1. Quick one: net charge of E20's neighbours, Cβ under 14 Å, K/R +1, D/E -1?
2. Per 10 Å bin from zero, what fraction in whole % of the C-alpha pairs of the chain is there, up to the bin with the longest pair?
3. Please give the net charge around E101, taking every other residue with its beta carbon less than 14 angstrom from that of E101, where Lys and Arg add +1 and Asp and Glu add -1.
4. Which semi-axes, in whole Å and largest first, does the equivalent ellipsoid of the stretch 27-80 have when worked out from the alpha carbon gyration tensor as the square roots of 5 times its eigenvalues?
5. Got a sec? Charge dipole of the chain, +1 on Cβ for Lys and Arg, -1 for Asp and Glu; which of I114, G131, L71 is way out at the positive end?
6. Run lengths n ≥ 4 of DSSP H only: what is the helix-derived mean residue ellipticity at 222 nm for the chain, with -39500 (n - 2.57) per run over all residues, to the nearest 500?
7. Under a Cβ-only charge scheme (Lys and Arg +1, Asp and Glu -1), can you give me the dipole magnitude of the chain about the Cα centre, in debye to the nearest 20?
8. If you place +1 on the Cβ of every Lys and Arg, -1 on the Cβ of every Asp and Glu, and leave all else neutral, what size is the dipole of the stretch 10-69 about its Cα centre, to the nearest 20 Debye?
Amino acid sequence: MFALKVLSHESVPGALAKVERYRLLNEPAQAESICRDILAIQPGNQEALIGFVLSLSDQIPQDKKAFQNALAAAAQLSSAYDRAYYTGLVWERRARALHQEGSRGSQYSVYEWIVKALQCFGEAEASRPPGNDESVLRWNTCVRFLAQHPGLTPRAEELREAIVSE
């Protein structure tokens, strides 16, 4: 069996640039691997952690475990804004992946997951740094997605019948 090699601390800036490059090349598994290498030597590196969340969420359509792993990674982010924003992004990507599958009955889950993303983006908006409207942009994207897909609806609440006693 081969052993993993350890990155030098001096190589981290270049490795972070490669994370972005591999994500742009639609090679999220490569980006994820690089983030793991960075986080092995700098566990608190927020830029690597964000890249890790993003590369995992890129893989949600192919890997169902990627969703839970991305949520767990997002929970490790140090700022409340980042935790809310990236958690929302993970929920949104999960919803979009399920929508692309087109599974029967999935419209309810897709709707609920988009609403979960909206809740996270709303939370992020409340704690965003001045001049940072990323959460507003994601919010608007989700709202437009729901408007473009009117078949996405919440589950109908069951109507309970009154108990009639004699």
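Only the coordinates and a few stated rules stand behind these numbers; no lab work does. Computed from a predicted model, the values in this text were never measured in an experiment. Ideal geometry is used to build each Cβ from the backbone, glycine not excepted, and the neighbour counts take in all protein chains shown.
1. -1
2. 10, 32, 32, 15, 7, 3, 1, 0, 0
3. Neighbourhood net charge equals +4.
4. Over the Cα atoms of the stretch 27-80, the semi-axes work out to 17, 13, 8 Å.
5. L71
6. Helix contribution divided over all residues of the chain: -21500 deg cm²/dmol.
7. Dipole about the Cα centre, nearest 20: 360 debye.
8. With only Lys, Arg, Asp and Glu charged at Cβ, the dipole is about 140 debye.
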